[in-house]
Every structure is written in structure tokens, then in C-alpha cells.
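Only one structure is covered here, and it is reproduced in the block below.
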Amino acid sequence: MSERPAQRIETVAVSAGRPEGPGAPLNAPVAFTSTYRSGGTGYSYGRVGNPTWSAFEDALGALEGGHALAFGSGIAAIAAVIETLPVGAAVVVPRSAYTGTRLLLADLQTRGRVEMRAVDITDTAATVAALDGADLLWAESPTNPLLEIADLGALMSAARERGIVSVVDNTFATPVLQRPLDLGADIVVHSVTKYLGGHSDLLLGAAVTRDETLRDLLHQRRTLHGAIPGAMESWLALRGLRTLALRVDRAQANAGVLATRLQEHAGVGRVHYPGLRDHPGHDLAVRQMSGPGAMLSFELSDAPVADEFSARLRLIVDATSLGGVETTIDRRNRWPGDEHVPAGLLRLSVGIEHVEDIWTDLAQALAGS
Ligand SMILES: *Cc1c(COP(=O)(O)O)cnc(C)c1O
């Protein structure tokens with residue numbers, strides 16, 4: 001973790017994780033190596049550590065305010081966190097958690113490895129009640145794809161009072177908009193694949209914590225399981241991080257405009273965006289986030305109408321995943337595990353294109369419906 005407490009997040013994103021000293025390159029090089037010459041300090045074998053991972057980890061750690069560890073994907077980081085639990089551990093998890101997280105926990109439950117307690121994470125009282133005798137609280141806010149907001153501060157302190165480890169998947173918000181460790185979380189996980197990388201050209205994950213014991217446990221999981229990142233992906237992700245604040249700012253500004261216009265459009269049903277005043281989590285989002293983000297979803301009447309709408313889009317790409325510079329759209333209900341999502345709901349990951357070009361595309365596709 002680099003010591004730059006006085007700097008704003010935009011500055012940290014640009015300056016953290018750089019080699020220092022006279023003659024040092026401005027950017028960490030990509031260390032393509034499987035091993036290291038003996039006798040040094042820090043690096044021994046390529047599955048244990050790599051200086052390019054370290055540079056990325058220093059930068060992300062500084063952004064989240066903890067020690068970061070990079071993993072081969074978001075789900076690898078999530079699996080490593082779950083693996084720290086004893087056999088039979090009870091995990092409180094949002095019913096609307098990321099599909100992969102739910103599928104992983106459900107699989108582990110089938111095999112007797114953990115007990116899964118699914119909750120409505122927006123219902124603080126019900127979630128806290130489920131913590132009785134639990135071992136881990138998993139939280140997401142905003143959630144995917146309904147953009148529900150959980151009261152992270154209240155949930156994290158309830159977990160802490162009961163000695164339960166709490167985790168926040170901060171993929172949707174990024175540290176630019178929300179810092180869960182400051183809200184009391186023990187671990188933050190990321191799909192770096194999304195906003196942090198930001199260009200839809202890599203898969204990478206990360207876990208961040210202030211707790212040295214947890215960090216050592218997670219590092220041990222990564223080494224034992226080999227869920228390691230590639231040097232090139234780490235380098236690309238660090239390059240992506242440099243512009244994170246700019247990208248999030250622009251995409252969020254675009255999302256605000258589009259959410260309002262979609263809401264006013266007669267052909268569109270409900271619009272889910274925490275930046276809208278009538279969103280049930282709006283006030284909470286204002287309190288715990290520095291902005292509502294750039295993910296939104298909206299409802300068309302049914303699956304065929306939504307699919308025909310998507311097929312008419314010319315600029316916006318019909319693809320899953322999110323958080324890239326380009327706007328993408330995804331009818332979530334088509335995916336296994338997301339059958340509970342309204343069939344005609346489209347999730348929009350708003351990019352950094354000119355907002356009028358994005359709107360022109362949405363409007364022409366709506367006009368055809
Ligand atoms: C994509 C995603 C993940 C999984 O990350 P991968 O990099 O695809 O393994 C986890 N959580 C959230 C919220 C995501 O959107």
C-alpha cells in the first residue's frame with residue numbers, strides 16, 4: 001500500500017504503483033518470467049509473485065485503501081475468499097449477487113462445503129437476522145442487474161459486532177465511487193475485467209484487505225491454487241487504472257442523461273438507476289457513494305421485443321460483460337442463473353462515447369419497436 005493519504009483518487013490512479021528512484025522507468029515493465037535468480041528479496045518463483053502484479057496491486061491497494069492481491073479473474077478472487085472458510089461455514093449472500101458468485105456457492109453447498117443463506121440485501125433487518133451463527137457476509141451494492149442499493153455501513157458494522165468477516169464486491173462502483181473498507185468491510189473483491197481494466201480486453205480479479213492475516217491467507221490460496229494473473233494482463237489493467245476516474249466520470253454523466261430520457265420515453269417501462277430520485281436506493285446511494293455510476297437497466301415488454309430492440313442497435317454492442325469504454329447491452333434473463341430477472345429487462349453498461357450518439361442509437365431502436 002503506498003502512503004499517499006493526502007491525494008485525491010484521480011491523482012492516486014495516475015501516480016500509484018510506479019517504479020521510483022533515479023533512472024527508473026516511469027512505468028512498471030512487463031516481467032515475462034517464470035522464475036527469479038536466487039538470493040534476492042521478494043521474488044522466488046513465478047506462481048508466488050511477479051513485479052508487474054505488484055505494481056498493479058500497489059495502485060489498486062492505494063485506491064481502495066488496503067493491500068491488494070491480483071488473481072486470474074474476478075471469480076478466482078471470489079473463490080479464494082470462500083476457500084478461507086472452514087467446511088460447513090454459513091455464508092449470507094444477496095439473492096441478487098453476481099451470477100457466478102451464486103453459482104459457485106450453490107455448487108459448494110451441493111457438495112456440503114458451505115451453507116448458503118440467500119437474502120434480500122436491501123432489507124437490512126432481514127440480512128442482519130441471517131447473520132446469526134454465520135461465518136461470512138457477502139455484499140454487493142449496486143447489485144446486478146437491478147442496481148439495488150444495500151446499506152453497507154449498517155451491514156458491515158452488524159457483521160463486525162458478531163465477529164463475522166464481511167466482503168463487498170465493488171465491481172460496479174469502483175473505488176472512484178465507493179470505498180467499502182472505509183465503510184467497515186474486511187475484504188473488497190473486484191472483477192478487474194470490468195471498469196478497472198476498462199477496455200474489454202482482459203480478464204483479471206483482485207481482493208483487497210487491511211487485515212494482514214486475511215491478506216496472508218488469500219496470498220496462500222492464490223499460490224496453492226495457482227489462480228494467478230498473467231503479467232501482460234496485469235500491465236494492461238494498470239494502464240487501464242490510470243484513466244479510471246476520467247472514464248467513470250464521463251460514463252456516469254452519460255448514464256444520468258440516458259436514464260432520464262429513457263424514463264421519459266413512452267416505449268420504456270421501469271428504469272433502474274440509483275441516480276434517479278424515484279429509485280428506492282437513491283438516498284442511500286447519495287450517502288454512501290460519491291456518484292450513482294454508469295450501469296442502468298430498463299424494461300421492455302417481453303423477451304422478443306427486447307431482442308428485436310437489441311438487434312436494431314448499430315452503435316451499442318449486444319454483449320455480456322460491462323465496464324468498458326464502449327456501451328454494451330445485455331438481456332440478462334437469457335443467462336442461466338438469471339431466470340429471476342424480468343424477461344424484457346436490458347442492462348446497459350454506459351460507455352464514454354458522446355452521449356448524443358448513444359441516445360440517437362437507443363432512440364432509433366425504440367422508434368422501430
Ligand atoms: C464479472 C463479475 C464478476 C466475475 O469476474 P470475472 O472477471 O468475470 O471472473 C464478479 N462480480 C461482478 C459484480 C461481476 O460483474
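The values are calculated or read from the model by the stated rules, or taken from the named source; none is laboratory data. Nothing here was measured: the structure is a model prediction, and the numbers come from that model. Please note: Cβ atoms are built from the backbone with ideal geometry, for glycine as well, and neighbour counts cover all protein chains shown. Protein only, heavy atoms only, side chains kept; ligands, DNA and RNA dropped before computing areas. Shrake-Rupley method; radii C 1.70, N 1.55, O 1.52, S 1.80 Å.
Remarks
- Enumeration of residues in the range 270-286 that are touching a His at 6+ places or on another chain (Cβ under 9 Å), part of a loop (DSSP other than H, G, I, E, B) and open to solvent by 10 Å² or more (accessible area, probe 1.4 Å): Gly275, Leu276, His279
- Note on the range 181-197: residues that are within 13 Å of the ligand (Cβ to nearest atom) and of a type outside the set (A, V, I, L, M) amount to 6.
One line per residue, one yes/no per condition, for (1) more than 16 Å from the ligand (Cβ to nearest atom); (2) assigned to a loop (DSSP other than H, G, I, E, B):
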{"position": "Ala55", "(1), (2)": "yes, no"}
{"position": "Ala76", "(1), (2)": "no, no"}
{"position": "Pro86", "(1), (2)": "yes, yes"}
{"position": "Val91", "(1), (2)": "no, no"}
{"position": "Ala97", "(1), (2)": "no, yes"}
{"position": "Gly112", "(1), (2)": "yes, yes"}
{"position": "Ile121", "(1), (2)": "no, yes"}
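- The residues listed here are Gly230, Gly267; of these, the one that is in contact (Cβ under 8 Å) with a residue 40 or more places away in the chain, over 24 Å from Thr174 (Cα atoms) and open to solvent by 10 Å² or more (accessible area, probe 1.4 Å) is Gly267.
- Looking at the range 287-358, the strands (runs of 3 or more DSSP E) lying wholly inside it that each contain 1 or more residues that are free of Cβ contacts under 8 Å to residues at least 40 places away in the same chain and either more than 25 Å from Arg102 (Cα to Cα) or aliphatic (A, V, I, L, M) (or both) sit at 328-331.
- Subset of the range 325-340 [at pLDDT 95 or above and open to solvent by less than 10 Å² (accessible area, probe 1.4 Å)]: Thr327, Ile329, Asp330
- Single unsatisfied condition, Asp338 versus (1) within 16 Å of the ligand (Cβ to nearest atom); (2) within 30 Å of Arg242 (Cα to Cα); (3) in contact with a Lys or Arg (Cβ under 7 Å, 6 or more places away or on another chain): (2)
- Residue in the range 151-167 that is open to solvent by 10 Å² or more (accessible area, probe 1.4 Å), within 14 Å of the ligand (Cβ to nearest atom) and within 21 Å of Leu217 (Cβ to Cβ) present: no
- Residue check, Val114 aliphatic (A, V, I, L, M), farther than 19 Å from Asp216 by Cα and crowded, with 17+ Cβ neighbours inside 10 Å: yes
- Residue count, the range 166-192 (criterion: without any contact (Cβ under 8 Å) to a residue 60 or more places away in the chain, more than 26 Å from Trp335 (Cβ to Cβ) and of a type in the set (A, V, I, L, M, F, W, C)): 1
Table: residues versus (1) without any contact (Cβ under 8 Å) to a residue 24 or more places away in the chain; (2) of a type in the set (Val, Ile, Thr); (3) surrounded by fewer than 21 Cβ atoms within 10 Å (Cβ to Cβ); (4) more than 11 Å from the ligand (Cβ to nearest atom).
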| residue | (1), (2), (3), (4) |
| --- | --- |
| Trp138 | no, no, no, no |
| Asn144 | no, no, no, no |
| Glu148 | no, no, no, yes |
| Gln220 | yes, no, yes, yes |
